[in-house]
């Protein structure tokens, strides 16, 4: 089946459920090896998933944000690294269709490439600047030479780097010291990947360093100038908490199945019947329900809002990410308490889920920035 040939979200979720089960079978090996889930990404390309957010005017399905986060969550139930990786690609296209900040010919070109299977992600983080959400100026430079840009620098945390076809690179333009995004094709001379990713969490994201050594691209590949005030409100970043919610659901499923089957000789029946186990299951179920309602509600509100209304949603979007991500950590912890010491075995998926959900607090927006934003917004609107 192909995602583009089915129209309803339920049908797409069912197809993704089938794929996700295959991702789960591969997840342990990818994690142990610290390799990359090439097969998973190829499956997503082969089924047309990677072009679902392409605008309708360019031949895509232009799915809404709510549909995207539901599908991303389902991917993460199989493998969190695959979900977070492809989520950036999917969200970038969705976001640009909403914001329309890029030069139109370049966006059209990129969408046509994506329809044919190309993958894209941004490369914005650097060793000295940290997360771009903190406001650091890129040390990667672009110098105008004739009808081309010459780019030099190093980018860290370039997720999905083993299979990316295009990089959206943030640069400082030497002549003006202004910041911009420039599209860099992978096949360009001087483009290299240094395999630096050694995280204990989401080991399969391939978030290596991108090396740019006198890379030359045409002048029209400058996609946009970046505002010092930042990018405003970004609904597409909800793909991040959707990933961690999916991991939490996988942990819940494993814990309940374990509890149904585990029967120590000290009790009659299985531990699923014990009040203390049921208490923990109830707690994690409550946290899941709270996270779902928050995340799904904000996504639906985004889809139903106009541009002016969306500009006011920053606090809610940040709060959704903070709430869902931290709930996911608590849910996995509860699942491990149900399973006990067996959850710490390297063969047990719960220890991988625990490592993976911890990564969520380091994805944007950070918790401290969200809290400051909420406080300032509350003070500003106090009457």
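The values are calculated or read from the model by the stated rules, or taken from the named source; none is laboratory data. Bear in mind that the values here come from a model prediction, so they are computed numbers and not experimental data. Cβ sites come from the backbone with ideal geometry, for glycine too, and all protein chains shown count toward neighbours.
Quick look at the values:
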item: Number of the condition not met by residue 160 [criteria: (1) part of a loop (DSSP other than H, G, I, E, B); (2) surrounded by fewer than 20 Cβ atoms within 10 Å (Cβ to Cβ); (3) in contact (Cβ under 8 Å) with a residue 12 or more places away in the chain]; result: (2)
item: 2 or more residues within 23 Å of residue 210 (Cα to Cα), under 18 Å from the mean Cα position of the chain (by Cα) and in contact (Cβ under 8 Å) with a residue 60 or more places away in the chain: qualifying helices (runs of 4 or more DSSP H) within segment 49-126; result: 80-99
item: Check on residue 205, closer than 14 Å to residue 80 by Cβ and either at pLDDT 95 or above or not assigned by TED's automatic domain parsing to the domain that holds residue 21 (or both); result: yes
item: Residue tally, condition closer than 23 Å to residue 110 by Cα, within 24 Å of the chain's Cα centre (by Cα) and in a loop (DSSP other than H, G, I, E, B), over segment 188-229; result: 4
item: Checklist (1) in the same structural domain as residue 12 (by TED's automatic domain parsing); (2) over 23 Å from residue 311 (Cα atoms); (3) buried (at least 19 other Cβ atoms within 10 Å of the Cβ) applied to residue 138, failing item; result: (1)
item: Residue list for segment 163-187, filter: in contact with a strand residue (DSSP E or B) (Cβ under 7 Å, 6 or more places away or on another chain), crowded, with 18+ Cβ neighbours inside 10 Å and in a loop (DSSP other than H, G, I, E, B); result: 164
item: Hey, residue 383 farther than 21 Å from residue 257 by Cα and either modelled with pLDDT under 95 or not in a helix (DSSP H, G or I) (or both) or not; result: yes
item: Selection within segment 141-153 - surrounded by fewer than 20 Cβ atoms within 10 Å (Cβ to Cβ) and assigned to a strand (DSSP E or B); result: 141, 143, 144, 145, 148, 150, 152
item: Total residues in segment 4-24, condition assigned to a helix (DSSP H, G or I), out of contact with any helix residue (DSSP H, G or I) (no Cβ under 8 Å at 6 or more places or on another chain) and at pLDDT 95 or above; result: 4
